[in-house]
Structures are given as structure tokens and as C-alpha cells.
1. Considering only residues of the stretch 126-143 that are hydrophobic (A, V, I, L, M, F, W, C) and open to solvent by 50 Å² or more (accessible area, probe 1.4 Å), which is nearest to HIS87 (Cα to Cα)?
2. If you check ARG143 against the conditions, is it of a type in the set (D, E, K, R) and either closer than 25 Å to HIS99 by Cβ or in contact with a Gly (Cβ under 6 Å, 6 or more places away or on another chain) (or both)?
3. What are the pairs with Cβ atoms under 8 angstrom where one residue, in the stretch 45-73, is free of Cβ contacts under 8 Å to residues at least 40 places away in the same chain and the other, located anywhere, is surrounded by fewer than 13 Cβ atoms within 10 Å (Cβ to Cβ) and part of a strand (DSSP E or B)? Sequence gap at least six, or different chains.
4. Considering each residue of the stretch 124-162, count those that are among the polar types (S, T, N, Q) and free of Cβ contacts under 8 Å to residues at least 24 places away in the same chain, and give that number.
5. When you scan the stretch 135-151, how many residues do you find that are in contact with a Leu (Cβ under 9 Å, 6 or more places away or on another chain) and over 13 Å from ILE62 (Cβ atoms)?
6. Tally up the residues in the stretch 53-78 that are open to solvent by less than 60 Å² (accessible area, probe 1.4 Å) and within 12 Å of LEU136 (Cβ to Cβ), please.
7. Of the residues that sit in the stretch 126-143 and are in a loop (DSSP other than H, G, I, E, B) and out of contact with any Pro (no Cβ under 8 Å at 6 or more places or on another chain), which one is farthest from ASN92 (Cα to Cα)?
8. When you scan the stretch 93-125, how many residues do you find that are buried (at least 16 other Cβ atoms within 10 Å of the Cβ), closer than 20 Å to ASN148 by Cβ and either acidic (Asp, Glu) or in contact with a Pro (Cβ under 6 Å, 6 or more places away or on another chain) (or both)?
Amino acid sequence: MKLRDVRTLVVVLLIAAGCAKSRMEPPAATPAVQEPAFLAYADLKWDPIIPDLGAKSPEITILHVDPTTHATQLMIRTPTAIHVRKHWHTANETHTLIHGTAVLACDGRRAELGPGSFNFMPAKMVHEAWLPAGSLTLITVDRAWDINWVEGPPTAADLNVSPPRVR
């Protein structure tokens with residue numbers, strides 16, 4: 001074998017060994033920017049969304065906020081049935097019903113969602129909801145959470161209101 005062929009063979013073997021080694025070892029872990037979160041329901045801090053309604057106000061708990069995008073995961077629970085008046089959010093929003101059956105309406109469309117059901121609302125889509133007492137909803141938004149009331153926030157007149165019948 002010529003010296004040039006031996007050198008070529010050595011280079012090929014070294015490259016192959018490097019590739020094999022990189023396949024055998026996992027990549028070095030990069031430090032996590034965020035820590036994982038494990039939250040027990042009993043430990044969540046709930047705040048009234050509409051303090052004027054007192055103990056009948058829907059309550060909100062913020063589960064996680066991304067420090068860069070401000071995307072937010074939260075839950076809302078309702079101690080009393082309530083009509084959530086027309087409103088919109090700056091971000092895209094999803095609803096996943098955990099407990100209860102809610103009616104959501106937007107843009108002339110209406111849907112009844114039971115446990116495990118999912119809904120997507122594009123940013124700035126005006127919508128409203130009728131939530132039963134004891135409902136629990138997981139909500140995500142892909143930017144910071146906000147709520148912009150079209151006709152003002154719910155009042156005592158919106159408690160225990162059923163959705164209008166579909167004609």
C-alpha cells in the first residue's frame with residue numbers, strides 16, 4: 001500500500017470513528033432557561049376575575065407564563081353559572097373544558113363543549129360564553145393574557161343566565 005493510500009485510509013477511519021462516537025454519546029445538555037412545573041390543584045392560587053361579584057365571581061389561576069413570549073396557560077373555574085359577555089383577547093386563545101358543559105358563541109356560530117372538548121379563537125375574535133356552576137376550563141394564549149370587554153364585564157345580572165335557545 002502506498003503512503004498516500006495509508007494517509008487517506010487513516011483520515012477516513014478517523015472521520016468514521018468521530019461520527020460513530022457522536023452517534024453513541026448524547027449531545028451535551030444545554031442549561032434549561034425555564035424549570036419544569038408540577039402544580040397540584042390544591043396548591044393553586046385562585047383570584048376573582050370580577051371582584052364586584054364577590055364569592056360568585058369566576059376565578060382565575062395562572063399556571064405558567066413564558067418569560068420570552070408571555071404565552072400563558074391558565075384555568076378558570078366558576079362557582080356560579082355565568083354569562084361571560086362579549087369580549088376579545090390580543091392573542092390567539094384555546095379553551096379545553098375539564099369539567100362542565102359550556103356554550104361558546106362567535107361570529108354567528110355557536111357550539112356546546114363538554115369535558116375534553118377543545119376550541120380555538122383567533123386573536124381579536126369577539127366571543128361570549130355561558131358557563132355552568134362548577135365548570136373548569138384550561139385556557140392557553142400564545143402571547144400575554146388580556147381581556148377586552150365589548151359591552152363591559154359581567155354583572156350580577158349575568159349570573160345563572162342560560163344561553164338563548166337556538167332557533
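1. Here is the first cut: in the stretch 126-143, the ones hydrophobic (A, V, I, L, M, F, W, C) are 126, 129-131, 133, 136, 138-139, 141.
Restricting the remaining residues to those that are open to solvent by 50 Å² or more (accessible area, probe 1.4 Å) gives 126, 133, 138.
Numbers: VAL126: 5, ALA133: 20, LEU138: 18 Å.
Among residues in the stretch 126-143 that are hydrophobic (A, V, I, L, M, F, W, C) and open to solvent by 50 Å² or more (accessible area, probe 1.4 Å), the one nearest to HIS87 (Cα to Cα) is VAL126.
2. Values: of a type in the set (D, E, K, R): yes; either closer than 25 Å to HIS99 by Cβ or in contact with a Gly (Cβ under 6 Å, 6 or more places away or on another chain) (or both): no.
So ARG143 fails the test.
3. GLU59/ASP47; ILE60/ASP47; THR61/ASP47
4. Taking the stretch 124-162 as the starting set, the residues that turn out to be among the polar types (S, T, N, Q) are 135, 137, 140, 148, 155, 160, 162.
Next cut, free of Cβ contacts under 8 Å to residues at least 24 places away in the same chain only: none.
Residues in the stretch 124-162 being among the polar types (S, T, N, Q) and free of Cβ contacts under 8 Å to residues at least 24 places away in the same chain: 0 in total.
5. So the answer is 3.
6. Counting residues in the stretch 53-78 that are open to solvent by less than 60 Å² (accessible area, probe 1.4 Å) and within 12 Å of LEU136 (Cβ to Cβ) gives 8.
7. We begin by selecting, within the stretch 126-143, every residue in a loop (DSSP other than H, G, I, E, B); these are 126, 132-134, 142-143.
Then drop every residue that is not out of contact with any Pro (no Cβ under 8 Å at 6 or more places or on another chain), which leaves 126, 132, 142-143.
Values: VAL126: 12, PRO132: 24, ASP142: 6, ARG143: 8 Å.
Per the criteria, the residue is PRO132.
8. Residues meeting the conditions: 1.
The values are calculated or read from the model by the stated rules, or taken from the named source; none is laboratory data. Because the structure is a prediction, the values reported are computed rather than measured. Please note: Cβ atoms are built from the backbone with ideal geometry, for glycine as well, and neighbour counts cover all protein chains shown. Remember, those area values only see protein heavy atoms, side chains included, never the ligands or the DNA or RNA. Shrake-Rupley method; radii C 1.70, N 1.55, O 1.52, S 1.80 Å.
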